[in-house]
Amino acid sequence: MSYQVRKNFIDTDTGIFYQKEDEYPTEVEDTRLRSLLAKTSKMRHESLQGEPLIEEVPSDGDLEVSEDGQVSEKLESDNKKDTSQE
């Protein structure tokens, strides 16, 4: 899974400026990712409240293409092998 920036912001942990559609690194603590994925946070300026600053972007392995060319995310259960009929 990767993350994409939804709204310009300066990361208070690193001082890095992220612009909309930048890729946000995944090598950060889960608590930091949850904070940026949340709509509000105590640490944010009021102008950044009300919507997530980043969003999850499925990787190529998380997508499937149907016979008619429709692209969709794979369900968690699709990734597990069905062994009940073996």
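Of note:
- Filtered by the rule that a residue be surrounded by 15 or more Cβ atoms within 10 Å (Cβ to Cβ) and in a loop (DSSP other than H, G, I, E, B), region 8-21 gives a lone residue, Asp11.
- Answer residue from region 30-48, given it is assigned to a loop (DSSP other than H, G, I, E, B), under 22 Å from Gln4 (Cβ atoms) and open to solvent by 60 Å² or more (accessible area, probe 1.4 Å) and is modelled with the lowest pLDDT among those: Met43
- Against the test of being open to solvent by 100 Å² or more (accessible area, probe 1.4 Å) and modelled with pLDDT under 90, the options Lys80, Lys74 yield a single qualifying residue, Lys80.
The values are calculated or read from the model by the stated rules, or taken from the named source; none is laboratory data. Values in this document were obtained by computation on a predicted structure and should not be read as measured data. Backbone-built Cβ (ideal geometry, glycine too); neighbour counts: all protein chains shown. These accessible areas exclude ligands, DNA and RNA; they are computed on the full protein's heavy atoms, side chains included. Shrake-Rupley method; radii C 1.70, N 1.55, O 1.52, S 1.80 Å.
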